1. What is the extension gain from Met412 to Glu425, computed as 0.36 nm multiplied by their sequence separation minus the C-alpha to C-alpha distance, in nm to one decimal?
2. Sequence gap of 8 or more, or different chains, plus Cα separation below 13 Å: how many lysine pairs satisfy both in the chain?
3. Kindly work out what percent of the DSSP beta bridges joining two residues of the chain are antiparallel, to the nearest 5.
4. Roughly what % antiparallel, to the nearest 5, for the DSSP beta bridges in the range 166-374?
5. DSSP loop GluC sites (Glu not before Pro) in the range 152-216 with at most 13 other Cβ atoms within 10 Å of their Cβ, which ones?
6. Between the range 403-439 and the range 104-171, how many Å separate their Cα centres?
7. Under the definition of Cα pairs under 8 Å and six or more residues apart, what whole-number percent is the relative contact order of the chain?
8. Hey, any idea what Rg/Rh is for the chain, computing Rh the Kirkwood way over Cα pairs?
Amino acid sequence: MIVFGTSGWRAVLADEFTFANVRLVTQAIADELQSTGQGGLLVVGYDPRFMAEKFAAVCAEELARRGFDVQVTARDTPTPALSVAIRERGARGGINFTASHNPPEYGGMKFSTANGAPALPEVTRRIETLIQRRLTDGALALPVVSAGTVATVDVCADYLRVLAEKIDGDVLRRRPLRIAYDALWGTGRGYLETFLRTYGCEVTPLHDHRDPYFGGRSPEPSEANLAELREIVVQGGYDLGLATDGDADRFGVVDRDGTCIPANAILALLVDYLHESRGWREGVGRSVATSHWLDRVAARQGIPVYETPVGFKFLGELIVEEKIFLGGEESAGLSIKGHIPEKDGLLACALVAEMCARRGQSIGAMLTTLGDAVGRLVNRRIGVQLTPESQHNLRQRLDADPPESFGGKRVMRVDRTDGVKFFLEDDAWVLIRLSGTEPLARCYAEAQTETEVEVLLESGKSFIHR
C-alpha cells in the first residue's frame, strides 16, 4: 500500500518505487487536482538520486497527458527552490522526486500545494484513497482533455533573489566570513556558495558534484557525516562550517573549533537573534520532538510558542497564518515569516552566517551567553530498527498505560500529539514515535545534562525492545 508519511511517499528503488507506481501516484495527484479545476501549471523537480530525472520525466509526461502544463527543473534542485518556483510562477502545485536524507537506495515523491507548502494530511489521505481506487479498478477512465505542454526551466536565479530578501547582506559585506560548505553531493551545490560569495564571503565547497550514492551513506548533515567538514574548518582556520542534506531542506553547522552544533541549539540561537535583529514578536513554532530550549528563549522575550506534530507542513501552516516568525524542527528544519512555508536548509545556513558576522563571536560563545540567560537543555535522539512484529508490539505498548518512570524520573503526564511524549521531573521528557518514512522507532530525550539524557535514551530503548 502506497502511504504518504511526514514528508511524502518514500520507498526502496526497484522494489516499491517503480515507474509503474510513479505513474499511479501521479495519476492520483492529477485526480485530486482535477477535482477542483482542469489544467494549470505544475512544477516538477528532482534530487540527485539514481534515475530521479527519469522518474520526473515520466511524471511530467503523465501530467501533460492529463491537460496540465508542466515545467521540469533543468537540474537536480533543492526542495526550497522548487517551493519558491511554485509560488513565483503561480503554479497549482509541484511534485518533487526526493527522499531527502534517507539512504541512497530510497526514492521519494513529495506533493506541494499552490502556496509552496507540503500537502497537509487531509490532502495526502485523499490522494492515498485515489491511489487505492485506481489499484482496485485498473480500467478507471482518465478524463479526455487536450494535452498540456512540458518545458525545462532553471529556478536558481528566482530562488537566490528571494533568499536575498530574507538576509541582511550589508552585515555580511561589512564582515565577510571564511566558510567551508559541505553539499553532501546534494542539490545545494551551486546555490549556497554562489549566494554567500555575492556578499564577499570566501567559500570552500566540499562534495560539490552529483553522486547518487552520496558517498555510500545517507545524505544527512549529522555529526557522524560531517567529520571531514569539521577537520577542514579547524585545519583551514575557517570562521564557520555549513552543510545541507540531499535536497537542501535541512542544515548542519560546525563552529570554528570543529564542534558540530546540534540543530536544537541553532534554533534557540536564531529565535534570540531574529527577535533582537528584526524586532519580530509574532511567536515561535516547534514540533513535539524539538527542544524546550526554544520555549525558554520565547518566554524571556514574552512571545508565544506553538507546538505541532512532527512534519514541517504543520509549521508551514502557522507561517501561512502569520502566527510565528520562526518554525523549527530538531531534525534541522527551519523557515521564517515572509518566506516559503517549507523547511529551507539554505536559508538556515545563510541566517547563521549573518548572525556570526553581526555578533562577531563563535557559536560556542553565543550559546554560553544564551545559556547564562535562560539555562541550557540537552536534547538527543536515537533510531531503533523494527521488524513488523516489533512494530506491532510497540504500538500496543504506546497505547497502554504509561510506565511510572523513565531513567529514574517520575512520569508527570503524557501527551499523544504525535507518538507518546512522557513529561518527567526536572523539566525532562522522553518522546517515542514511529517513523513515517522508515521501519524504525525514534526515541527523543531532553534533560539538563548529557548524563541524564544518556540514561533516558537507554530507558527509552529498553521500552521499545521490551
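No lab work stands behind these numbers, since they all come straight from the coordinates. Keep in mind it's a predicted model, so treat the numbers as computed, not measured. Neighbour counts run over all protein chains shown; Cβ positions are idealised from the backbone, glycine included.
1. This chain segment gains 4.0 nm when fully extended.
2. The result is 4.
3. 60
4. 40
5. Glu165
6. Between the Cα centre of the range 403-439 and that of the range 104-171, the gap is 34 Å.
7. 13
8. 0.96
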